[in-house]
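Following: one structure in structure tokens, then a few remarks.
The values are calculated or read from the model by the stated rules, or taken from the named source; none is laboratory data. The shown structure was predicted, so the numbers you read here are calculated from the model rather than taken from an experiment. Every residue, glycine among them, receives a Cβ derived from its backbone with ideal geometry; neighbour counts consider all protein chains shown. Note: accessible area is taken over every heavy atom of the protein model, side chains too, but ligands, DNA and RNA are not part of it. Shrake-Rupley method; radii C 1.70, N 1.55, O 1.52, S 1.80 Å.
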Amino acid sequence: LEDTQAQLELDRTFLANLKKKCAESDAEFEQRVKDRTTEIAAVEDTIAILNTDASFDNFDKTVSVAFLQTDAELSASQRERLGRAAATLERAAALTGLPALSLIATQARLDAFTKVKEEIDKMVVELGKQQQDEVEHRDWCIDELNKNNRTTEAAYDEQNNLQAKMADLEKDMEYLSGEINATTTEIAEMQDMMKIASENREAENADYQQTVQDHRLTQIILRKALDRMSKVYAFLAMKEQPGAAHTALSGTDVDPGNGPARFTKYEEHAGGSRVLRMIEEVMADSKKMEDDAVFSEQDSQAAYENLMKESNSAITVYTEKISNMRGALAKDKEDHVMAKSDLMANLKELEELHDTYSNLKKSCDYLLKNFDARQAARAAEMDALNEA
């Protein structure tokens, strides 16, 4: 932390010094521009003063030796050519307003023809280079502006695609979340139903066990009763019957007479057989009810097992479905994060492209708007120089 604070302090000092130097440089540059402007204005004024007819007439009388070469005398034809060249340059300077032409025009009147020609040739070459540089700059501006426009359009297309992708992902994530919640609820409801079915099956089985036990006990009791009754009637049927009945002839209140009377033939009670049949019918009914309970129990158990099997299969399918949807949801979230990151990068790129476009406009607008006029003016200047 101390090293970082120390480095931060150094950076602040460096930034303060940099701002100070930049301010000084800006001030110096403004002063240089001002001085150069003043110098150019002074040169223009000087050229204007020297280019007057009165100045030329006076120079011919007083200082012609100082301005003209002394090692070679000019012929009349050369002087005439210099005069025409100077006049042409002066007209061109008046039309274009360029100080350089005025200066050469003055030199054409004062200097030797060879020197003036050299200056004219040099200026023609320089103007030609300026023309070519300006054409190249114009072409560069057009190319860069077109490239910037194409890149910006592609960036906006990418932005639209990313925004549409994010919207689709958000919609898909909302759908998957809803499906996951709904499927989870279905699983919970199915598990609750299975729990209730298990409780009901347990209660039904307990009732079945009690019913079967009761019927079997009833059948045992009835079987004992039936066996007891059947034995009694079987014994009586096998027992020897008495002879003919005695007839009392002389009996009194105290004397039985000639002997006991004989019993009539013994027969089973007529209702006994009906009782046996009733017991057998009750036993048959109990057995049938037991069999029906067993059959019903088997059906209920089969239905319960089938329900459990189908429910477990459905839960397995739903669980796998939830797992797949969660995987898809995680993938959508990852893609959404990446798309958002790409969108932020896209916005930064668009910002840089707009800054670049703004700088290109500042650099190229004046040139592109005045290109033809500047080229024509420079061409006219070159024609004037060539004519001179």
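Couple of notes before you dig in:
- Any chance Glu351 is in a helix (DSSP H, G or I) and more than 30 Å from Lys147 (Cβ to Cβ): no
- Counted residues, segment 343-360 - those being acidic (Asp, Glu) and under 22 Å from the mean Cα position of the chain (by Cα): 2
- Single match in Lys331, Lys321, Lys340, Lys309 (criterion: under 60 Å from the mean Cα position of the chain (by Cα), free of Cβ contacts under 8 Å to residues at least 40 places away in the same chain and surrounded by 12 or more Cβ atoms within 10 Å (Cβ to Cβ)): Lys331
- Set side by side, the residues Arg262, Arg326 differ, and just one is modelled with pLDDT of 50 or more and either more than 30 Å from Gln219 (Cα to Cα) or of a type in the set (Lys, Arg) (or both), which is Arg326.
- Among the conditions (1) within 28 Å of Asp172 (Cα to Cα); (2) in contact with a helix residue (DSSP H, G or I) (Cβ under 7 Å, 6 or more places away or on another chain), the only one that Leu367 does not satisfy is (1).
- Some residue of segment 134-153 being open to solvent by 60 Å² or more (accessible area, probe 1.4 Å), over 30 Å from Lys340 (Cβ atoms), at pLDDT 95 or above and under 44 Å from the mean Cα position of the chain (by Cα): no
- Looking across segment 288-306, the residues that are among the acidic types (Asp, Glu) and open to solvent by less than 90 Å² (accessible area, probe 1.4 Å) come down to Glu290, Asp291, Asp292, Glu297, Asp299.
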